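Structure, as structure tokens:
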Amino acid sequence: MQSAGCRLCRIARDARGESTDGLAAETHDQINREGCEGMATTVTAAHHSIWRHLFDSMHAAQKPKSKLKVVTLDKESNLSTLWRREEFLRICSKEELAEKAQEIEVTIPVNKIQETRYNFDPRSFFANRFWGRRSDGVAINEALQIVYILEFN
Ligand SMILES: [Zn+2]
């Protein structure tokens, strides 16, 4: 179904006193995945709620002898803070990871929200973006030397 403009986005913009010009078409994808302004809070809350349940289930299913350890993250956890921890540094040094990450980061487009930071310092932007990434979860297998970055979408 498609309409002239998303009604939920219109309501959100009206509430903020912003222009309702150029509203996205009201489609299933727009509401669920492409950032409907009227659904943002609800979609984020649903994501966190479902992820918390999945994550708790993974924790509960973990066997004492399991080599795969689910890492508990706090609000401050990003790749930079994780790579201060011994178990991560034993798998890969910060320098090695930064080098590999740079090759990948430069291939990921700079989105509209990031443009200001990119223009301020294009040389360090990709490294900063990488180290500032927050994942939904992290698991680590020290025996196999593998870090799993968990993203729930
Ligand atoms: Zn919308």
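Any read-out appearing in this document is the output of simple, stated calculations on the displayed coordinates, not a laboratory observation. These numbers were taken from a predicted model, which means no experiment stands behind them. So basically every Cβ, Gly included, is an ideal-geometry build from the backbone, and we count neighbours across all protein chains shown.
Starting from the Cα-Cα distance between residue 57 and residue 15, subtract it from 0.36 nm times their residue separation and give me the gain in nm to one decimal.
Values: separation 42, 0.36 × 42 = 15.12 nm, distance 3.85 nm.
Difference between extended and current length: 11.3 nm.
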**Message:** Using the basic label-point model (7 angstrom from Cα toward the beta carbon), what is the residue 121 to residue 89 distance in nanometres?
**Reply:** 2.3 nm
**Complete:** Note: residue 67 to residue 29 extended length (0.36 nm per residue) minus current alpha-carbon separation gives 9.8 nm
**Request:** Please go through segment 92-153 and write out the trypsin sites (Lys or Arg not before Pro) that DSSP classes as loop and that have at most 15 other C-beta atoms within 10 Å.
**Result:** 133, 134
**Prompt:** Average projected area of the Cα convex hull of the chain, in nm²?
**Reply:** 12.2 nm²
**Prompt:** Taking H as built 1.01 Å from N, whose amide H comes closer than 5 Å to the amide H of residue 24, not counting residues under 5 places away?
**Reply:** 6
**Asked** How would you rank 23, 54, going from fewest to most other Cβ atoms within 10 Å of each one's own Cβ?
**Response** 54, 23
**Message:** I'd like the Kirkwood hydrodynamic radius of segment 1-77, using the inverse of the mean 1/r over distinct C-alpha pairs, in Å.
**Reply:** 15.3 Å
